[in-house]
Amino acid sequence: MNKEIYTCDACHYTFEAEAGCDQCPDCGKKRVRPANEQESKEYLERQKHTEK
């Protein structure tokens, strides 16, 4: 399956998960949506810095 970037509208956690994810791994609520362009960009930038 493909991984996609999602954001939780309840706690604003942005994360990468398998396509079709519907539950936030941080708060557990089912208020997950695909991340918008800005959220995706910020997430990918954070990942670059944490992998170093």
inquiry  = I'd like to verify a number: residues in the range 8-52 that are of a type in the set (Gly, Ala, Ser) and assigned to a helix (DSSP H, G or I), how many?
reply    = 1
message = Cβ-Cβ distance below 8 Å, separation of 6 or more or different chains: which pairs start in the range 12-24 with a residue that is over 17 Å from TYR43 (Cα atoms) and open to solvent by less than 80 Å² (accessible area, probe 1.4 Å) and end on one that is among the aliphatic types (A, V, I, L, M) and part of a loop (DSSP other than H, G, I, E, B)?
response = GLY20/MET1
Filtered residue count, the range 22-52, keeping only those that are of a type in the set (Lys, Arg) and modelled with pLDDT of 95 or more = 5
message = Considering only the range 44-52, I want to know if a residue exists there that is surrounded by 14 or more Cβ atoms within 10 Å (Cβ to Cβ), out of contact with any Gly (no Cβ under 6 Å at 6 or more places or on another chain) and of a type outside the set (A, V, I, L, M).
response = no
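The values are calculated or read from the model by the stated rules, or taken from the named source; none is laboratory data. Since the structure is predicted, the reported quantities are computational estimates derived from the model, not experimental observations. Quick reminder, even Gly has a Cβ in these numbers, built from the backbone with ideal geometry, and neighbours come from all protein chains shown. With ligands, DNA and RNA removed, areas are computed over all heavy atoms of the protein, side chains included. Shrake-Rupley method; radii C 1.70, N 1.55, O 1.52, S 1.80 Å.
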